[in-house]
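A.B. asks: Just passing along the structure, written as structure tokens.
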Amino acid sequence: RILGRMGAAATRVTDEIGENGTLMHDVNDLLVLIGLVKKEFPSLDLSGFKQLFEEVQNDKKSTMGALKIDASYLKKEIQAVKASQTDIKMVLSWLGTNKVQNFMCVLAKNINSKVFSKLSDGRWKVANPPLGERLSESDFLVEVIVGGKAVQVQQLSTAQLDELLKKEKCPRLRIHRSTITKRQMYEALRLPPPDVKLTLWDMDLCLLRVHTGGHTNTKIQVLSKQVTEAYCYLMDIMLAKGLNVGVVTFSDQKVAKAIGNNYGGEELVRPLVFHALRRHWMQQDRSLKLEFAVNKARAFVEKDLYVRAAYPEWRNRHDPEFKQNPMPNSKEWHIKRVAEDFEKKTGKKIQNEEIILFDDGERNITEANKQKVIGVMVNDSTGFTVKSWEEAMDLAWQRYLSELK
């Protein structure tokens, strides 16, 4: 029933919180989840789920070895189970705590049992996450995948777990991330390594899910609702940690004025981020006073948000400053100007190697990588998501750890 509604999905296990709140899980992940529901509600008859998944696994012709599912799909199926309304209500409440959206599969190098702590019930909890790996102290090890076969680890001894982990140089671990709130899920993600001094985002189809064309007459407060969830959560967390962030965009106030639009360039970017963060903080803490959220967001965008906004093609045609030395049709000029702003503010020079850039433009990322910036291509159909973030963290931490060696 589930597969019929959703159709075929990718065969990989996701390693992200999800795009637009939806995860990809393979059948084994869902069997583990159903097992957790069964453990929580032993009187509930979930045999129909087991039979369904067995049918999928036994159908060798099926391309649906994995399925796309989120809490809403599973809730519909739970409601179809023969159970009392009280039971169903309790299960739906349990599912509502994000427990559906926190299974993932990670690759971990040179890992052993010392990373984990064995609990009294036989489960293995991450206690000492290796530097730069995707594991966090919110994680429980469910299975180790060896030779394509998933081996459950609960009740294994320390020696047995070590032996299992040694079978592959870079074993795949199926993890259950035990977080309750969405913020906790984001807080469990890695932050940039110490050698990264600045993280930059493009605007359209990156921190924004939509494309403004670089200028707009839309009320910015309305447009700010299109800022991606991942950007808001990670900005909030990075600001709390005192990390430097900015926006580099082809949006240009001079272009906006030339064609009669109200907003473009910095006059668009700063209010956009202001409204997005102000709303995010108010939603996260309903007791927060509006005045406090407004002042906090305003102080950040006016003092601490690095912004460079200019459209190369237009500037090279109409701006005398660029007649002799044209602006490159990439983010090279923008990043250089931000680096200068960084030095003026902090008194410290910043190298391209110390910068991360998220952008949906292939040329922008290609040129950034040539300049030794850590450039990560964002999917323009979703905007910035955790997938983009984790890709950047992989690149940044791999480089940092290799240099330590």
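The values are calculated or read from the model by the stated rules, or taken from the named source; none is laboratory data. In this text, all values refer to a predicted model and were calculated from it rather than measured experimentally. Quick reminder, even Gly has a Cβ in these numbers, built from the backbone with ideal geometry, and neighbours come from all protein chains shown. We work out accessible area using only protein heavy atoms, side chains counted, and drop any ligands, DNA or RNA first. Shrake-Rupley method; radii C 1.70, N 1.55, O 1.52, S 1.80 Å.
A.B. asks: Restricting attention to region 250-267, which residues are surrounded by 20 or more Cβ atoms within 10 Å (Cβ to Cβ) and over 16 Å from His334 (Cα atoms)?
C.D. replies: Val255, Ala256, Tyr263
A.B. asks: Residues that are in a helix (DSSP H, G or I) and within 24 Å of Leu205 (Cα to Cα): does region 325-332 have at least one?
C.D. replies: yes
A.B. asks: Looking at region 228-249 only, could you name the residues that are under 27 Å from Pro328 (Cα atoms), of a type in the set (A, V, I, L, M) and crowded, with 21+ Cβ neighbours inside 10 Å?
C.D. replies: Listed by number, the residues that qualify are Val247, Val248.
A.B. asks: Okay, next question. With the checklist (1) open to solvent by 40 Å² or more (accessible area, probe 1.4 Å); (2) modelled with pLDDT under 85; (3) touching a Leu at 6+ places or on another chain (Cβ under 9 Å) in hand, flag the one item His211 doesn't pass.
C.D. replies: So His211 meets the others, but not (2).
A.B. asks: While we're looking at this one, here's another question. Scan (1) open to solvent by 10 Å² or more (accessible area, probe 1.4 Å); (2) in contact with an Asp or Glu (Cβ under 6 Å, 6 or more places away or on another chain); (3) in contact (Cβ under 8 Å) with a residue 60 or more places away in the chain for the single condition Lys182 breaks and write down its number.
C.D. replies: (2)
A.B. asks: Which pairs do you get when a residue that is under 15 Å from Pro192 (Cβ atoms) and part of a helix (DSSP H, G or I), found in region 381-405, comes within reach of a residue that is open to solvent by 40 Å² or more (accessible area, probe 1.4 Å) and of a type in the set (Phe, Trp, Tyr), reach meaning Cβ atoms under 8 angstrom, with the pair 6+ apart or on two chains?
C.D. replies: Sorted first by the residue in region 381-405, then by its partner, the list stays empty.
A.B. asks: To continue, here is another question. When only residues in region 340-376 that are within 11 Å of Asn244 (Cβ to Cβ) and more than 21 Å from the chain's Cα centre (by Cα) count, which is surrounded by the fewest Cβ atoms within 10 Å (Cβ to Cβ)?
C.D. replies: Taking the candidates together, the pick is Lys348.
A.B. asks: State all residues of region 143-172 that are in a strand (DSSP E or B), open to solvent by less than 30 Å² (accessible area, probe 1.4 Å), touching a residue at least 40 places away in the same chain (Cβ under 8 Å) and among the hydrophobic types (A, V, I, L, M, F, W, C); if no residue qualifies, say none.
C.D. replies: Hit for region 143-172 is Ile145, nothing else.
A.B. asks: Restricting attention to region 101-131, report how many residues are open to solvent by 70 Å² or more (accessible area, probe 1.4 Å) and either modelled with pLDDT under 85 or at positive phi (or both).
C.D. replies: Here the count works out to 3.
A.B. asks: Being open to solvent by 60 Å² or more (accessible area, probe 1.4 Å) and either among the hydrophobic types (A, V, I, L, M, F, W, C) or in a loop (DSSP other than H, G, I, E, B) (or both) is the filter here; which residues of region 185-194 pass it?
C.D. replies: Correct list: Pro194 only.
A.B. asks: Within region 132-167, how many residues turn out to be at pLDDT below 90, farther than 14 Å from Ser117 by Cβ and out of contact with any strand residue (DSSP E or B) (no Cβ under 6 Å at 6 or more places or on another chain)?
C.D. replies: Qualifying residue count, region 132-167: 7.
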